[in-house]
Amino acid sequence: MNKESLIEELKETLVTNSDLSFLASLDESTLEKVHKEIHDYIHRTEELQKPVFKVMAVATQFIPNFIIAKLAHDYLTPYIIAQVVIYMDPKAAAKIGKSLRIDYMGQVALYASPEITARIGNLMESPIVAQVVKDLSLKNFNAKLGELADLLDDKMMVEIIKVLRDGKIVGNIAHAMVNQDKIVRIIPQMPGDVRSGARAQLQALGNPLADKF
């Protein structure tokens, strides 16, 4: 992993919009050590807190969603909610998501694993997910969006793209995706203006995937 990738991953791990380019002054081996230490610390912390998160997940079954949302917004960080949903039924988590602020949901998506986020996202209404995608894109979390796009159902992806109607955002997400066969597969279902906008953005990024649009 090169310096740019390490810094981008650290930015997403720390869920920050701050400019971390100053880390590029470190040599690559030192930056790799910093990256590893932060990830190891987070992993150790999560392991210690697992029993608490499991209890909180059980408790959500007995509390109305609007109250859970109120508690989340006022007292619980997005990181905590991201850990709690690991132990929740995805359908129940999706219902709670409807009551959360868009920016808050975006933060939860950044902290949660892409697999869990995609599983819940597939069960939510596409206009809500599209708003979350737009919020994260404006904050330049395109690498995370690429991971999620790799895992979301094709049908949900197409619905989100049709709601977004933003070729630049779609182009940035396609650029970050690993599963390019998937994006190529759904291109024919995209609106024409979105396809042309995505093509232009991919061309600007020097991505040969642009030719597929």
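Nothing in this text is a laboratory measurement; each read-out follows from the coordinates by a stated rule. Computed from a predicted structure; not experimentally measured. Quick reminder, even Gly has a Cβ in these numbers, built from the backbone with ideal geometry, and neighbours come from all protein chains shown.
Whole-Hz Karplus values for the stretch 123-137 come out as 9, 9, 6, 4, x, 5, 4, 4, 5, 5, 4, 4, 4, 5, 5 Hz, taken residue by residue from phi with 6.51 cos²θ - 1.76 cosθ + 1.60 and θ = phi - 60°; glycine and proline positions read x. Reducing the stretch 126-172 and the stretch 20-88 to their Cα centroids gives an inter-centroid distance of 22 Å. A value for Rg/Rh (Cα atoms, Kirkwood Rh) was derived from the coordinates, and within the list [x] 1.15; [y] 0.99; [z] 1.07 it appears as [y]. Local charge for PRO114 was computed over the other residues whose Cβ lies under 11 Å away, with Lys and Arg +1 and Asp and Glu -1, and equals -2. Each residue in PHE141, PHE62, PHE53 was given a count of other beta-carbon atoms within 10 angstrom of its own, and listing them fewest first yields PHE62, PHE53, PHE141. Other residues with beta-carbon under 15 Å from the beta-carbon of THR60 carry, at +1 per Lys or Arg and -1 per Asp or Glu, a net charge of +4. Add +1 for every Lys or Arg and -1 for every Asp or Glu among the other residues with Cβ under 15 Å from the Cβ of SER99, and state the total. Charge balance in the 15 Å sphere: +2.
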